[in-house]
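Chemist: Before we start, here is the structure in question, set down as structure tokens.
The values are calculated or read from the model by the stated rules, or taken from the named source; none is laboratory data. If you're wondering where the values come from, they're calculated on a predicted model, not measured in any experiment. Neighbour counts run over all protein chains shown; Cβ positions are idealised from the backbone, glycine included. The accessibility values were calculated without ligands, DNA or RNA, using every heavy atom of the protein model including side chains. Shrake-Rupley method; radii C 1.70, N 1.55, O 1.52, S 1.80 Å.
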Amino acid sequence: ESVIFKGFKYDYGSGGIHGCIKAGVYDSDEDYTIIDIDVASLYPSIAIVNKLYPQHLGKEFCDVYENEIIKPRLKAKKEGNKVLSDGLKLSANSVYGKSNDIFSFLMDSAYTARTTINGQLMLSMLAEDLVLEIEDLTMLQINTDGLTVKILKTDEDKLHNICKSWENKTNLILEYVTYDKMIIRDVNNYCARTVDGKIKNKGAFEIDKMVGSERAYHKNNSFRIIPIALSKYFFEGVSVEDTINNHTDIYDFCGRQKFVGKDVGELHYIKDGERVVEKQQKNTRYYLSTNGDTFIKHYSKGSYEKIHVGYKVTVFNKYIKKEIKDYNIDYQWYIKECLKEIEHIEDRQLELF
């Protein structure tokens with residue numbers, strides 16, 4: 001379901017509440033500031049505060065959840081123990097996910113729904129209070145466990161008073177981050193720089209996939225050069241052409257293609273006048289190149305699909321040391337991918353005037 005309130009569209013789904021302003025670049029200045037407001041451990045906190053639990057596990061679930069996971073996690077976070085804090089955070093959040101998993105002992109879809117719906121309604125209440133009570137407020141986004149607004153700096157005290165009142169009603173805790181710049185493609189793809197200079201990247205802008213504070217090597221970190229170039233463009237004013245053409249780490253140009261089940265990857269090329277089909281391994285690392293081969297996905301049912309239509313790739317499963325210029329990287333493909341993102345965010349037609 002969707003609701004448009006004061007010109008902003010709020011979407012309600014089984015996974016939570018979502019909404020986003022149109023794509024663009026949003027800045028703080030001498031009059032306005034951008035504030036991100038997150039609920040600390042939203043789903044675990046909702047369960048504990050409201051005594052929600054999978055029916056078959058009983059009320060003891062809340063005690064175990066709070067005393068053996070949530071409280072130790074908060075203590076570890078306060079003490080700076082990131083490993084323990086991040087591990088317990090994953091444990092805390094996974095309880096919600098597993099509560100809707102038919103293979104988990106936590107399975108109780110009613111518990112899942114109570115948690116999600118309460119979260120959406122409480123965030124809606126916070127958004128409504130802020131929009132109605134702060135006249136000059138722009139809602140930038142709302143996403144599952146928090147929201148981001150742009151307000152006059154003179155309204156900051158009013159914002160914090162509204163949030164404090166909301167905390168008293170819900171018994172939940174809010175955390176704040178102030179941004180000096182935010183680049184938004186959509187609710188799941190954005191980057192922002194805090195007033196302290198730290199950069200937060202999500203989705204297409206994420207340079208390193210993370211789990212907590214650690215890099216997630218098991219996730220797909222393909223084509224890192226693209227978010228690297230986008231970050232330098234938006235936050236440092238460096239053209240994507242300069243970043244890409246002068247980058248020297250071949251791994252940052254590499255992508256990963258994973259073939260599942262009986263599907264296989266194939267390189268197709270001509271050698272000595274004959275067509276050659278070279279089967280690839282299940283996880284194939286490669287980069288776009290000017291002298292490579294055609295990359296094909298061959299489905300188990302017999303159909304074919306080209307990967308990167310109109311472009312060639314070089315498989316790079318085995319590292320070969322060369323000067324960066326000798327890899328024959330197709331720089332134009334990477335530049336084009338960056339420009340797609342930029343053009344989606346910036347109104348390039350207006351820049352002509």
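Chemist: In the stretch 46-120, what trypsin sites (Lys or Arg not before Pro) fall in a loop by DSSP, with at most 10 other Cβ atoms inside 10 Å? If you can, show how the numbers build up before the last one.
Modeler: Details: sites: K51, K59, R73, K75, K77, K78, K82, K89, K98, R114; in loops: K51, K59.
When the trypsin sites (Lys or Arg not before Pro) of the stretch 46-120 are filtered for loop state and at most 10 Cβ neighbours within 10 Å, K51, K59 remain.
Chemist: I would also like to ask the following. Please work out whether the stretch 234-292 counts as rounded, prolate or oblate from its C-alpha gyration tensor, where a ≥ b ≥ c are the square roots of the eigenvalues and a/c under 1.5 means rounded, while otherwise a/b larger than b/c means prolate and anything else oblate? Don't skip to the answer; put the middle values down first.
Modeler: Working: a/c = 4.01, a/b = 1.82, b/c = 2.20.
Oblate, since a/c reaches 1.5 and b/c is not below a/b.
Chemist: Sum up the charges of everything whose Cβ sits under 13 Å from the Cβ of F8, counting Lys and Arg as +1 and Asp and Glu as -1, but leave F8 out. Don't skip to the answer; put the middle values down first.
Modeler: On the way: positive: K6, K9, K22, K150; negative: D11, E128.
Result for the local shell: +2.
Chemist: On a straight-distance basis, which aspartates and glutamates could pair with K301 in a cross-link, Cα separation under 20 angstrom, same-chain partners fewer than 8 positions away excluded?
Modeler: Within reach: D263, E266, E278.
Chemist: Under a Cβ-only charge scheme (Lys and Arg +1, Asp and Glu -1), can you give me the dipole magnitude of the chain about the Cα centre, in debye to the nearest 20? Mind dumping the intermediate values first?
Modeler: Working: 49 positive and 54 negative charges, 345 e Å.
Roughly 1660 debye, rounded to the nearest 20.
Chemist: Please identify every one of the trypsin sites (Lys or Arg not before Pro) in the stretch 263-353 that sits in a loop by DSSP and has no more than 14 other beta carbons within 10 Å of its own beta carbon. Don't jump to the answer; show the numbers that get you there.
Modeler: Numbers: sites: K271, R275, K279, K282, R285, K297, K301, K306, K312, K318, K321, K322, K325, K336, K340, R348; in loops: K282, K301, K318, K321, K322.
Answer by residue number: K282, K301, K318, K321, K322.
Chemist: Identify, among H308, C163, H18, the residue whose Cα sits farthest towards the positive end of the charge dipole of the chain, taking +1 on the Cβ of Lys and Arg and -1 on the Cβ of Asp and Glu, with the dipole about the Cα centre.
Modeler: H308
Chemist: Which of the peptides 247-258, 160-171 is most tightly packed, and how do the rest follow, judged by the mean count of other Cβ atoms within 10 Å per residue? Don't skip to the answer; put the middle values down first.
Modeler: Details: 247-258: 16.2, 160-171: 13.9.
Sorting 247-258, 160-171 by mean packing, highest first, produces 247-258, 160-171.
Chemist: Roughly how many Å² is the accessible area per residue of the chain, as a whole number, for a 1.4 Å probe? Numbers along the way, then the final one.
Modeler: Values: 19710 Å² over 353 residues.
Heavy-atom SASA per residue in the chain reads 56 Å².
Chemist: I would also like to ask the following. Under 1.5 on a/c is rounded, so check that first for the stretch 138-181, then, if it is not, pick prolate when a/b is larger than b/c and oblate when it is not; a ≥ b ≥ c are the square roots of the alpha carbon gyration tensor eigenvalues. Spell out each step's value before the answer.
Modeler: On the way: a/c = 2.13, a/b = 1.28, b/c = 1.67.
Here the stretch 138-181 falls in the oblate category.
Chemist: With the contact rule set at Cα under 8 Å and sequence spacing of 6 or more, what percent relative contact order holds for the chain? Numbers along the way, then the final one.
Modeler: Working: 565 pairs, mean separation 54.9, N = 353.
Computed value for the chain: 16 percent relative contact order.
Chemist: Can I ask one more? Helix 225-236 versus the longest principal axis of the chain: what angle, 0 to 90°, nearest 10, using Cα atoms?
Modeler: Relative to the chain, helix 225-236 is tipped by roughly 60 degrees.
Chemist: Okay, next question. Which whole number of Å³ per residue matches the convex hull of the alpha-carbon atoms in the stretch 7-66? The partial results should precede the final answer.
Modeler: Values: hull volume 8.7 nm³, N = 60.
Taking the convex hull of the Cα positions in the stretch 7-66, it is 145 Å³ per residue.
Chemist: Next question. Give me the one-decimal nm value for the distance between modelled label points at I342 and N220, 7 Å along each residue's Cα-to-Cβ direction.
Modeler: Going from the I342 label point to the N220 one covers 2.5 nm.
Chemist: Applying a 10 Å radius around every beta-carbon, put 183-192, 198-207 in order of their mean neighbour count, most first.
Modeler: Working: 183-192: 20.5, 198-207: 16.3.
Descending packing order for the listed peptides: 183-192, 198-207.
Chemist: State the percent of C-alpha pairs, over all pairs in the chain, separated by a distance greater than 28 angstrom. Working shown, then result.
Modeler: Working: 35101 of 62128 pairs.
Across the chain, Cα pairs with separations above 28 Å total 56 percent.
Chemist: Under a Cβ-only charge scheme (Lys and Arg +1, Asp and Glu -1), can you give me the dipole magnitude of the stretch 91-240 about the Cα centre, in debye to the nearest 20? Before the final figure, lay out the partial values.
Modeler: Details: 18 positive and 20 negative charges, 138 e Å.
So the dipole magnitude of the stretch 91-240 works out to roughly 660 debye.
Chemist: With point charges of +1 on the Cβ of Lys and Arg and -1 on the Cβ of Asp and Glu, referenced to the Cα centre of the chain, which listed residue (I134, Y96, V277) lies farthest in the positive direction of the dipole?
Modeler: Comparing the listed Cα positions along the dipole, V277 ranks first.
Chemist: Treating cross-link reach as a plain straight distance, find the aspartates and glutamates whose alpha-carbon is under 14 Å from the alpha-carbon of K9, omitting any fewer than eight places away in the same chain.
Modeler: Once the sequence-local aspartates and glutamates are set aside, what remains near K9 is E1, E128, D186.
Chemist: Also, I was wondering about something else. First measure r as the distance between the Cβ atoms of Y32 and E323, then evaluate 1/(1 + (r/R0)^6) with R0 = 45 Å and state the FRET efficiency to the nearest 0.05. Walk me through the intermediate numbers first.
Modeler: Details: r = 48 Å, r/R0 = 1.07.
Efficiency at R0 = 45 Å is approximately 0.40.
Chemist: Next question. Name the residue farthest towards the positive end of the dipole of the chain from the options T294, F234, G261, assuming +1 on Cβ of Lys and Arg, -1 on Cβ of Asp and Glu, about the Cα centre.
Modeler: My answer, from the dipole projection, is G261.
Chemist: Additional query: Calculate the dipole size of the stretch 169-233 relative to its Cα centre from +1 charges on Lys and Arg beta carbons and -1 charges on Asp and Glu beta carbons; express the result in debye to the nearest 20.
Modeler: Working: 12 positive and 7 negative charges, 25 e Å.
Computed about the Cα centre, the dipole is about 120 debye.
Chemist: To test your reading of the geometry: what angle, between 0 and 90 degrees and rounded to tens, separates the Cα axis of helix 331-345 from the longest principal axis of the chain?
Modeler: So the inclination is approximately 30 degrees.
Chemist: Calculate one ³J(HN,Hα) per residue across the stretch 237-242 by plugging θ = phi - 60° into the Karplus curve 6.51 cos²θ - 1.76 cosθ + 1.60, and present them in order as whole Hz with x for glycine and proline.
Modeler: 3J(HN,Hα) across the stretch 237-242, in whole Hz: x, 8, 5, 5, 4, 5.
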